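*Asks:* Got a structure for you, questions after.
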Protein chains: 2
Amino acid sequence: MTRYGTLYGIGVGPGDPDLITLKAVKTLQKVDVVLAAASPKNDGSLALSIAGPHLRPDAEIIRLNFPMTRDQAVLDKAWRENADTVAAILDAGKSAAFLTLGDPLTYSTFGYLLRTLGQLAETPVEVIPGITSYQAAAAFTGRVLVESGESLAVVSGVGTEEELTRVLESAQSAVILKAYKNMPTIRRVLERLGLSDSCVFVTRLGLEGEEVITGLENVPDKPSYFSLVLLRKKA
Amino acid sequence: MTRYGTLYGIGVGPGDPDLITLKAVKTLQKVDVVLAAASPKNDGSLALSIAGPHLRPDAEIIRLNFPMTRDQAVLDKAWRENADTVAAILDAGKSAAFLTLGDPLTYSTFGYLLRTLGQLAETPVEVIPGITSYQAAAAFTGRVLVESGESLAVVSGVGTEEELTRVLESAQSAVILKAYKNMPTIRRVLERLGLSDSCVFVTRLGLEGEEVITGLENVPDKPSYFSLVLLRKKA
C-alpha cells in the first residue's frame, strides 16, 4: 500500500503579500515541503518571500531548477529531475506546495511540472488559483479589463509581430505580458493599430522601481522583466 | 473643506469563500457600508454571503439596482441613481465597498459605477482584484489556461457567431464566459473549429449543481447562468 502526499500548485498573487487568497494561506500553513523555481529572474525568490510568513517553522524549502533556455534537451532533463524530486517527496507521504507568482495555470512553470509528473504516478494534485499581474495592474490603474460583449486577449509579448497583430486585431481589449523583450515590436504593432497612445505600460508593480506610463513613446526598449501593457480599443 | 470616504471595488472571488484575498478581507473588516448588486441572477447575494463573515457588526448593507435590460434609458437612470446613492455615502465621509463576484474589472457592473461616479466628483477609489471564475474552473479541472508563447482569449458567450469565430480562430486557448444563453451557437462554432470534443464545460463550480462535462455534446441548450467553457487547441 502506497500513501502519496498531495501536490499543491499555489498561486501567491502578483507581488503584494496581501493579494494572496485565504485558501493559499491555509494550505501553506500545513504543507511539509515548499517548492519554488530557482530562476535567474528571481520570481521564485519573490514567491518565497510572500509565502514565508505563512509557513510552518519546520517546513522544508527546496529550489527547483527551471533553466531559461530554448534547448529542449536541457529543458527535458531539468523537468525530469524536478519531477523526480517532487515524486520522491510525495512517495514519502509528504505534502508539497509548488509556488507560482500570479496564477499556477497562467504562463507558469507549474504546467510543465504537472505534465512531467503526470507520466509518473497517480499523483493527487490540487491547484489554488492566484491573482495575476494583469489584474493587479488593471486594479492599480483603475482601468476596466473587459466589459459586456467585449473580448479580452491575454498575449505573451515574446511572440512574432504577425502573431501579436492577429490577436490584437481580433480582440476589443488586451493585455501584453512579458513586455520586456520585444518592446520595439510591440510599439510598432500598437502604433499601426492606432493604440500606442491610449495604452498603459506598467512595470514592477508593488516593487522597487514601480512605474506607470501612458502610451509607449517614453517606454525604454529593454524594460524590466515584470512589465506589461494594458490596452482597450473602446477606452 | 469636504472629506470624502474611499470607494473600494472588491472582488470576492468565484464563490469558494476561501478564494478571497487577505487584502479584501482586511478592507471588508474596516468599511462602513457594503454595496452589492440586487440582480435577479442573485450574484449579489452570493457575493454578500462570501463577504458577510468579514464585516463589522455595524456595517450598513445596501443593495443597488442594476436592471438586466438592454433599454439604455432604463440602464442610464439606474446607474445615475446608484452613483447618487454611493456619492451621498462618500460625501458623508463614510467608506464603501462595492462587491463583485470574481474580479471588479472583468465583466463586472463596477465599471459602470466607476464611470458614472467619475462624472460626479474626485472620488478616491481603490480596486482590489479577485480570482475569476475561469481561473477557478481551470484549477478545479487541472487544465493549463495558457503557456509560453500562446495567447488566451477571454470571451463573452453572448456575442454573435461571427465575433466568437473570429476571436477563437486567432487564439491558442480560450475561455467562453456567460455560456448560458447561446449554447447552440457556441456548440456550432466549436464543432466547426474542431474543438467541441476536447473542450470542457464547467457549471455552478462550488455551488449546488456543480458539474464538469468534457465536450459539448451532452451540455443542455440552456445551462445555468454560472457556466463557462475552457478550450485549448494544443490540449
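*Asks:* With the requirement that a residue be more than 7 Å from chain B (Cβ to nearest Cβ) and either aliphatic (A, V, I, L, M) or in contact with a strand residue (DSSP E or B) (Cβ under 6 Å, 6 or more places away or on another chain) (or both), what does segment A:130-142 give you?
*Replies:* A:GLY130, A:THR132, A:SER133, A:TYR134, A:ALA137, A:THR141
*Asks:* Then there is this: Got a sec? Which strands (runs of 3 or more DSSP E) wholly within segment B:1-117 have at least 2 residues that are surrounded by fewer than 16 Cβ atoms within 10 Å (Cβ to Cβ)?
*Replies:* B:60-64
*Asks:* Please work out if B:SER196 is of a type in the set (Ser, Thr, Tyr) and either out of contact with any Ser or Thr (no Cβ under 8 Å at 6 or more places or on another chain) or in contact (Cβ under 8 Å) with a residue 60 or more places away in the chain (or both).
*Replies:* Yes.
*Asks:* Out of A:THR185, A:THR203, report the one residue that is of a type in the set (Val, Ile, Thr), farther than 28 Å from A:SER148 by Cβ and in contact with a Ser or Thr (Cβ under 7 Å, 6 or more places away or on another chain).
*Replies:* Only one candidate qualifies: A:THR203.
*Asks:* Does segment A:119-129 hold any residues that are more than 15 Å from the chain's Cα centre (by Cα) and within 9 Å of chain B (Cβ to nearest Cβ), and which are they?
*Replies:* A:VAL125, A:GLU126
*Asks:* Among residues belonging to segment B:167-185 that are touching an Asp or Glu at 6+ places or on another chain (Cβ under 9 Å) and in a helix (DSSP H, G or I), point out the one that is nearest to the other protein chains (Cβ to nearest Cβ).
*Replies:* The qualifying residue nearest to the other protein chains (Cβ to nearest Cβ) is B:SER170.
*Asks:* Would you say B:LEU228 is assigned to a loop (DSSP other than H, G, I, E, B), surrounded by 15 or more Cβ atoms within 10 Å (Cβ to Cβ), at negative phi and assigned by TED's automatic domain parsing to the domain that holds B:VAL146?
*Replies:* Here the answer is no, as B:LEU228 does not meet what is asked.
*Asks:* Among the residues that make up segment B:188-211, is at least one of them in contact with a helix residue (DSSP H, G or I) (Cβ under 8 Å, 6 or more places away or on another chain) and among the charged types (D, E, K, R)?
*Replies:* Yes.
*Asks:* While we're here: Looking at B:VAL146, B:VAL125 in this structure, which one is of a type outside the set (Asp, Glu), in contact with a strand residue (DSSP E or B) (Cβ under 6 Å, 6 or more places away or on another chain) and buried (at least 24 other Cβ atoms within 10 Å of the Cβ)?
*Replies:* Every option except B:VAL146 fails the conditions.
*Asks:* For segment B:121-144, state whether one or more residues are of a type in the set (Phe, Trp, Tyr) and part of a strand (DSSP E or B).
*Replies:* no
*Asks:* Considering only residues that are under 18 Å from the mean Cα position of the chain (by Cα) and buried (at least 18 other Cβ atoms within 10 Å of the Cβ), which ones fall in segment A:167-181?
*Replies:* The answer is A:ALA174, A:VAL175, A:ILE176, A:LEU177, A:LYS178, A:ALA179, A:TYR180.
*Asks:* Now, a different point. With the structure loaded, tell me whether B:VAL200 is crowded, with 19+ Cβ neighbours inside 10 Å and either farther than 27 Å from B:ASP16 by Cβ or within 9 Å of chain A (Cβ to nearest Cβ) (or both) or whether it fails that test.
*Replies:* Here the answer is no, as B:VAL200 does not meet what is asked.
*Asks:* Can you pull out every residue in segment A:149-166 that is more than 7 Å from chain B (Cβ to nearest Cβ), surrounded by fewer than 23 Cβ atoms within 10 Å (Cβ to Cβ) and either in contact with an Asp or Glu (Cβ under 6 Å, 6 or more places away or on another chain) or of a type outside the set (Asp, Glu) (or both)?
*Replies:* A:GLY157, A:THR160, A:THR165
*Asks:* Which ones in segment A:186-201 are assigned to a loop (DSSP other than H, G, I, E, B) and under 15 Å from A:ALA138 (Cβ atoms)?
*Replies:* Scanning segment A:186-201 gives A:SER198, A:CYS199.
The values are calculated or read from the model by the stated rules, or taken from the named source; none is laboratory data. The structure presented is a predicted model; accordingly, all values stated were derived computationally and were not measured. No Cβ is skipped: glycine too gets one built from the backbone with ideal geometry, and neighbour counts run over all protein chains shown.
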